[in-house]
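Here the structure is laid out as structure tokens; the discussion comes afterwards.
The values are calculated or read from the model by the stated rules, or taken from the named source; none is laboratory data. Since we're looking at a predicted model, the values are computed, not measured. Here the Cβ is made from the backbone with ideal geometry for all residues, glycine too, and neighbour counts use every protein chain on show.
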Amino acid sequence: MVANEYSNKTIKQNLIDGLSKKEFILSKVYMVVVFSFISTLFIFVLSLILGFAFSSFTESYIVFSDLEYLFAFFIKLLGFFSFCLFAGMLIKRSAFALGFLLVWYMFEGLIRIVLNVVESTKEYADTITQFLPLNSMSNLIKQPFSRLGAVKEVASQVGEQFDFDYAVHWYDVIIVLAWSSLFIFLSYRLLLKRDL
């Protein structure tokens, strides 16, 4: 979204043509929101089509149950795209920005491992790492595949039981929205301080 603006020098041309830096970053934020909304709408429509095609339940209260997961998916995409916006503004090259996201993902995993070794309790590591950006985004929708009936059936046949908390919690939403706001603010500050 942004890294090509630097590579092709279109950001400089847009600013020369009269677009302010605030308007530029707002256009990118609008694009983040539109991409998140379109992706969420696509998943909703696709789920409806597949649900009506392969499910015997067609009652509206069943079809439209658990819609909070769509909201969580939208917030998750909003946070991730904001993080990508910040990475693109920080690095200015798309391949390196993607590499930065991969390195950050490994960094968060390393923090979890270190916390598990130091404290030797999973709960302590979960409490600390829930505030990290990528981990907070993944906490919005936990263990989606273990909710499938086929997975539960196979697990029960081998003697396993899933007792995960699948709910979308308000504090996870607030953490991701806080990270999204921070990434957008930092992107704007980078754009203001950078000499183009």
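Suppose the filter is at pLDDT below 90 and within 15 Å of the chain's Cα centre (by Cα); does residue 144 pass it? Spelling it out, residue 144 is indeed at pLDDT below 90 and within 15 Å of the chain's Cα centre (by Cα). Restricting the range 61-94 to residues that are over 21 Å from residue 173 (Cα atoms) and touching a residue at least 40 places away in the same chain (Cβ under 8 Å), which is surrounded by the fewest Cβ atoms within 10 Å (Cβ to Cβ)? Among those residues, the one meeting the criterion is 93. Inspection of the range 102-110 finds no residue satisfying the criterion of being exposed (fewer than 11 other Cβ atoms within 10 Å of the Cβ), charged (D, E, K, R) and in a helix (DSSP H, G or I).
For residue 39, state whether it is modelled with pLDDT under 85, of a type outside the set (A, V, I, L, M) and out of contact with any Cys (no Cβ under 6 Å at 6 or more places or on another chain).
no
Checked against the criterion of being part of a helix (DSSP H, G or I), among the aliphatic types (A, V, I, L, M), over 22 Å from residue 95 (Cβ atoms) and at pLDDT 80 or above, the candidates 46, 15, 19 yield just one match: 46.
Okay, residues lined up against (1) of a type outside the set (D, E, K, R); (2) at pLDDT below 85; (3) within 27 Å of residue 41 (Cα to Cα):
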position	(1), (2), (3)
65	yes, yes, yes
68	no, no, yes
87	yes, no, yes
91	yes, no, no
108	no, no, no
111	yes, no, no
119	no, yes, no
131	yes, no, no
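When residue 41 is tested against (1) touching a Ser or Thr at 6+ places or on another chain (Cβ under 8 Å); (2) exposed (fewer than 14 other Cβ atoms within 10 Å of the Cβ), only condition (1) is not met.
Considered as a group, the residues in the range 1-20 that are of a type in the set (A, V, I, L, M) and in contact (Cβ under 8 Å) with a residue 24 or more places away in the chain include one that is nearest to residue 97 (Cα to Cα), and that residue is 3. Only one of the numbered conditions (1) buried (at least 17 other Cβ atoms within 10 Å of the Cβ); (2) outside any helix (DSSP H, G or I) is violated by residue 57, and that is (1).
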